[in-house]
1. Taking the conditions exactly as written (over 22 Å from Ser370 (Cβ atoms), assigned to a helix (DSSP H, G or I) and under 24 Å from the mean Cα position of the chain (by Cα)), does Ser200 satisfy them or not?
2. With the requirement that a residue be open to solvent by 50 Å² or more (accessible area, probe 1.4 Å) and either touching a helix residue (DSSP H, G or I) at 6+ places or on another chain (Cβ under 6 Å) or closer than 15 Å to Asn125 by Cα (or both), what does region 191-215 give you?
3. What number of residues within region 151-172 satisfy the criterion of being free of Cβ contacts under 8 Å to residues at least 24 places away in the same chain and surrounded by 13 or more Cβ atoms within 10 Å (Cβ to Cβ)?
4. Inspect region 329-352 for any residue being among the hydrophobic types (A, V, I, L, M, F, W, C), open to solvent by 30 Å² or more (accessible area, probe 1.4 Å) and closer than 19 Å to Thr209 by Cα and give the result as yes or no.
5. Across region 239-256, what is the number of residues that are open to solvent by 60 Å² or more (accessible area, probe 1.4 Å) and touching a residue at least 60 places away in the same chain (Cβ under 8 Å)?
6. Residue check: is Thr141 out of contact with any Asp or Glu (no Cβ under 9 Å at 6 or more places or on another chain), open to solvent by less than 10 Å² (accessible area, probe 1.4 Å), at pLDDT 95 or above and under 23 Å from Gly359 (Cβ atoms)?
7. Within region 355-377, is even one residue of a type in the set (S, T, N, Q), open to solvent by 60 Å² or more (accessible area, probe 1.4 Å) and under 26 Å from the mean Cα position of the chain (by Cα)?
8. Could you run through region 308-328 and say how many residues are surrounded by 14 or more Cβ atoms within 10 Å (Cβ to Cβ) and part of a helix (DSSP H, G or I)?
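The values are calculated or read from the model by the stated rules, or taken from the named source; none is laboratory data. Everything numeric here is computed off the predicted structure, so don't read it as measured data. We place every Cβ from the backbone using ideal geometry, glycine too, and count neighbours over all the protein chains shown. Accessible surface is based on the protein model in full, side chains and every heavy atom, while ligands, DNA and RNA are left aside. Shrake-Rupley method; radii C 1.70, N 1.55, O 1.52, S 1.80 Å.
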Amino acid sequence: MAQITLISTAIITTITGKGKQQSELLSTITTRYKLSSLNWKIQRLSWFDFKTTSSNYYSYSYGNNNTSAVVKVSEGSAISLPHDCPLEKVSEDQKGSKMKGSSRFFTIGLVASWYSSNIGVLLLNKYLLSNYGFKYPIFLTMCHMTACSLFSYVAIAWMKVVPMQTIRSRVQFFKISALSLIFCVSVVFGNISLRYLPVSFNQAIGATTPFFTAIFAYIMTFKREAWLTYLTLVPVVTGVVIASGGEPSFHLFGFIVCVAATAARALKSVLQGILLSSEGEKLNSMNLLLYMAPMAVVFLLPATLIMEENVVGITLALARDDVKIIWYLLFNSALAYFVNLTNFLVTKHTSALTLQVLGNAKGAVAVVVSILIFRNPVSVTGMMGYALTVFGVILYSEAKKRTK
């Protein structure tokens, strides 16, 4: 009789209790051995009784004839298997390499999804607001926030992607409302700027976020950085000035709105650190989005009705001529949520340094892809300015890391 040590991992399986089918997160049992039979299954079962606690049972089946048995066993103990089940020992090195390989592919997939959703929503916003002629950035942002509200609730309340955190006080509610309002301003202004500016120039201005973050942090918290940190902001600002002078498609109103969007994004970041600093009020990014997105819809709905009058009727009229506009809006709104989801997952599964490098590279990839798709004119001066800004952001990140 061969013995196999049981190690728990998680899967979703269907269990039976009192004649009812219940879906429950249970443990499946993997082994320290490679089972040479192709049809091996070893998994944990639970029978629920309303009067007693559940017991741990492990069932296994093997071979082409699917021979099976059920055994009661404690976690971490051994289960005896029939002698006719051939086993091949797997070394610790082999197990480690398999786990590292699968983890590496998972992380690569996450990063690819993050890049795709982030760049995809940016380019689709540009296409809708500029090329397609859908000139309603507030309504578009409201669609994004509506999708974020729905998907966030499904992900947290139903799928349990993260534990749900509740708002504990009226004060915390008003703090989140303030953050939501600033969040709305940053997203709406960013979308408005895409009507007038190419994505490449939009990204160059957006890269100056650290500059505004440092300013707001100093004004609102009197937090002073090391002089070297402030020095690294010089190429950040200088690069945008150079890029502005060399931008063939420069538009003053678009430039001002984009700068305002960048400043609002930095202000939200600083305010979030101030308002939700206590342990009882801290929310992870997924739960914060769960509460901010519906609040954003409340803010954006009257703004849409007042500033973009009859936008729903206009959209429906457009759909009669070209039904693709509805699919564009639905897909774009879903992408807006997946930007937040993938950003959360990448942050969770990578290091801070990796995240910084990936974030800096993401802007450059977006610029290259947008130029290839939209064929907007670029100048050597503009590209040099953007490169200088990105270089300054990298220096700023390094300086911040060294002063911690």
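1. Working: over 22 Å from Ser370 (Cβ atoms): no; assigned to a helix (DSSP H, G or I): yes; under 24 Å from the mean Cα position of the chain (by Cα): yes.
Answer is no for this residue.
2. So in region 191-215, the residues open to solvent by 50 Å² or more (accessible area, probe 1.4 Å) come out as 195-196, 211, 215.
Scanning region 191-215 gives Arg195, Tyr196, Phe211.
3. Total satisfying the criteria: 0.
4. Taking every residue of region 329-352 in turn, at least one turns out to be among the hydrophobic types (A, V, I, L, M, F, W, C), open to solvent by 30 Å² or more (accessible area, probe 1.4 Å) and closer than 19 Å to Thr209 by Cα.
5. Keep residues of region 239-256 that are open to solvent by 60 Å² or more (accessible area, probe 1.4 Å), which gives 241-242, 245, 248, 250-253, 256.
Now narrow it down to the ones that are touching a residue at least 60 places away in the same chain (Cβ under 8 Å): 241-242, 245, 248.
Count: 4.
6. Working: out of contact with any Asp or Glu (no Cβ under 9 Å at 6 or more places or on another chain): yes; open to solvent by less than 10 Å² (accessible area, probe 1.4 Å): yes; at pLDDT 95 or above: yes; under 23 Å from Gly359 (Cβ atoms): yes.
It is true that Thr141 is out of contact with any Asp or Glu (no Cβ under 9 Å at 6 or more places or on another chain), open to solvent by less than 10 Å² (accessible area, probe 1.4 Å), at pLDDT 95 or above and under 23 Å from Gly359 (Cβ atoms).
7. Looking only at region 355-377, we keep the residues that are of a type in the set (S, T, N, Q), and these are 356, 360, 370, 376.
Going one step further and asking which of them are open to solvent by 60 Å² or more (accessible area, probe 1.4 Å), we end up with 356.
Narrowing further to those that are under 26 Å from the mean Cα position of the chain (by Cα): 356.
So far as region 355-377 goes, yes, one or more of its residues are of a type in the set (S, T, N, Q), open to solvent by 60 Å² or more (accessible area, probe 1.4 Å) and under 26 Å from the mean Cα position of the chain (by Cα).
8. Residues of region 308-328 that are surrounded by 14 or more Cβ atoms within 10 Å (Cβ to Cβ), as a first pass: 308, 311, 314-315, 318-319, 325, 328.
Adding the requirement that they be part of a helix (DSSP H, G or I) leaves 311, 314-315, 318-319, 325, 328.
Summing the residues that are surrounded by 14 or more Cβ atoms within 10 Å (Cβ to Cβ) and part of a helix (DSSP H, G or I) in region 308-328 gives 7.
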